[in-house]
Amino acid sequence: MLTPAAQGLALITLLVAVHASAAEHHVSVGGQSYSDGYYYADLSFSPRQLTIQAGDTVVFDNQGGSHNVTADDGSFRCAQGCDGDGGNGNPSAAAWHASVTFDTPGTYGYHCQVHQGMGMTGSIIVQGEAPAPFNLDQQGLSGSWANAATESQGLVMTVWPDFAGAGRGLLFGGWFTFDVTAAGGQRWYTLQGDVVRDAASATMPIYLTEGGAFDTAQATTTQPVGEAVLRFDDCTHGSLAYAFSDGSGRSGTIPMTRLLANVNCSAGGSNAGGDYLRSGAWADLGNSGQGLVMDVAPPQDVFFAAWYTFLADAPVDAGSAGQHWYTLQGTLAAAGPASLADIGIFDSSGGVFDRHATTTTEPVGSASITWHSCSAATLAYAFTAGPNSGRSGTLELTRLGPVPAGCSL
């Protein structure tokens, strides 16, 4: 995904099979039929009645005509995606495909809003027991997540379990991506919001930070520019639905796969992890609006981080064009290292926001990190190429948020 080594790693991870206990079913929407030498609009769902098991997914496939699929109880409305999940449920004549997962047993009636009065209705019978909810309130979700189809972009996040009380944690994520055109360059956003133990998803604002300059205290501004909905099917698969309110009209859903090994995530939640617990959000408090989110993966001997920062000497009014991000990747030393050396700093270009594009990732420097404790570290950097070529310095890093239980050096 990001570096040649990370790309290979991602490919290995993506070969993990989807959840074996869940099945996918398809329902055809509309189309046309032929009889007595004439074609007629088909105003039906096929099969009209479908029986599935709790946890299964139904994909509605529009075969022709302006339709949508709307739950009788209002729980979903879908066409080009689903309302409230980054999509648009208005009736559409496009060749759309919309997925709905049914976790709770029962009978779910649905209809096409345009043709309900003409008998275009159906039902889903869900059998079995409702699966136990996946626990979002766990430190084990922390790590690197991405969609392999959109090169050189992804989300590195951390979860502080029980941050606001039992069963209610706090998630912080750094989203490194690009402008809507390759010429626009890099962009990054942050996500922050509650995650609740028994909730199926977590809804939170998308924030944009602007105005900073690389490794300086130049003042930044941070403002909400949209809303994200995070869902996790298991410890390896999830999705990020986004809807921007910044006038761009961007909305969609990004399927996400964990890129590095799962260390301590489980359906019910866990807090074991050893060196993995150095993962998290870290920042030099002398710098405004910038920092790193780290992913430490001992099973693969990998240290990975995304560094969210700005161009050097960027003016306060540079806007989003002043943003810049790097990725860091190195090999962990023996168990329990106090420091890491020879960490590569990489710079990516050519990407397009949530789209496939040919990207280039090049080494532009090196770094080393020394942990003084589970809440303090020093990062030394030296750039040999790119916009920061010739620059070197140190960041005195402080962990943002509480130290994970069990972390030690």
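To keep it simple, each residue is scored yes or no on (1) more than 27 Å from Gly226 (Cβ to Cβ); (2) open to solvent by 30 Å² or more (accessible area, probe 1.4 Å); (3) at pLDDT 95 or above.
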site: Phe102; (1), (2), (3): yes, no, no
site: Pro105; (1), (2), (3): yes, yes, no
site: Gly128; (1), (2), (3): yes, yes, no
site: Pro131; (1), (2), (3): yes, yes, no
site: Gln138; (1), (2), (3): no, no, no
site: Ser142; (1), (2), (3): no, no, no
site: Glu151; (1), (2), (3): no, yes, no
site: Asp162; (1), (2), (3): yes, yes, no
site: Leu170; (1), (2), (3): no, no, yes
*What about Thr331, is it open to solvent by 30 Å² or more (accessible area, probe 1.4 Å), under 16 Å from Asp275 (Cβ atoms) and within 25 Å of the chain's Cα centre (by Cα)?*
yes
*Please find, among Gly184, Gly226, the residue that is touching a helix residue (DSSP H, G or I) at 6+ places or on another chain (Cβ under 9 Å), farther than 22 Å from Ala305 by Cβ and either touching a residue at least 60 places away in the same chain (Cβ under 8 Å) or open to solvent by less than 70 Å² (accessible area, probe 1.4 Å) (or both).*
Gly184
_Being in a loop (DSSP other than H, G, I, E, B) and of a type in the set (A, V, I, L, M, F, W, C) is the filter here; which residues of the range 160-218 pass it?_
Phe163, Ala164, Ala166, Val180, Ala199, Ala200, Ala213, Phe214, Ala217
*Report whether or not Gly344 is part of a loop (DSSP other than H, G, I, E, B), touching a residue at least 40 places away in the same chain (Cβ under 8 Å) and on the phi < 0 side of the Ramachandran plot.*
no
*In this structure, is Asp246 among the charged types (D, E, K, R) and either touching a residue at least 40 places away in the same chain (Cβ under 8 Å) or in a helix (DSSP H, G or I) (or both)?*
no
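Results for (1) surrounded by 22 or more Cβ atoms within 10 Å (Cβ to Cβ); (2) charged (D, E, K, R); (3) closer than 23 Å to Pro224 by Cβ; (4) at pLDDT below 95, shown as yes or no for each residue.
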| position | (1), (2), (3), (4) |
| --- | --- |
| Cys265 | yes, no, no, yes |
| Tyr276 | yes, no, no, yes |
| Leu292 | yes, no, yes, no |
| Gln300 | no, no, no, yes |
| Pro315 | no, no, no, no |
| Gly319 | no, no, yes, no |
*From Phe60, Phe134, Phe76, which residue is touching a Cys at 6+ places or on another chain (Cβ under 7 Å), closer than 26 Å to Arg197 by Cβ and of a type in the set (Phe, Trp, Tyr)?*
Phe76
*State whether the residues of the range 355-363 include one that is under 19 Å from Gln290 (Cα atoms), part of a strand (DSSP E or B), acidic (Asp, Glu) and in contact (Cβ under 8 Å) with a residue 24 or more places away in the chain.*
no
*Among the residues of the range 73-91, is any over 22 Å from Phe134 (Cβ atoms), in contact with a strand residue (DSSP E or B) (Cβ under 8 Å, 6 or more places away or on another chain), surrounded by fewer than 16 Cβ atoms within 10 Å (Cβ to Cβ) and aliphatic (A, V, I, L, M)?*
no
*asked:* Out of everything in the range 284-293 that is in a strand (DSSP E or B) and within 14 Å of Trp325 (Cβ to Cβ), what residue ends up being farthest from the chain's Cα centre (by Cα)?
replied: Gly291
*Is it true that Gly286 is surrounded by fewer than 17 Cβ atoms within 10 Å (Cβ to Cβ) and closer than 21 Å to Ser375 by Cα?*
yes
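The values are calculated or read from the model by the stated rules, or taken from the named source; none is laboratory data. Since this is a predicted model, take the numbers as computed values, not measurements. Glycine also receives a Cβ, built like all others from the backbone with ideal geometry; neighbour counts cover every protein chain displayed. To get the accessible areas, we keep the full protein, side chains included, count just its heavy atoms, and leave off ligands, DNA and RNA. Shrake-Rupley method; radii C 1.70, N 1.55, O 1.52, S 1.80 Å.
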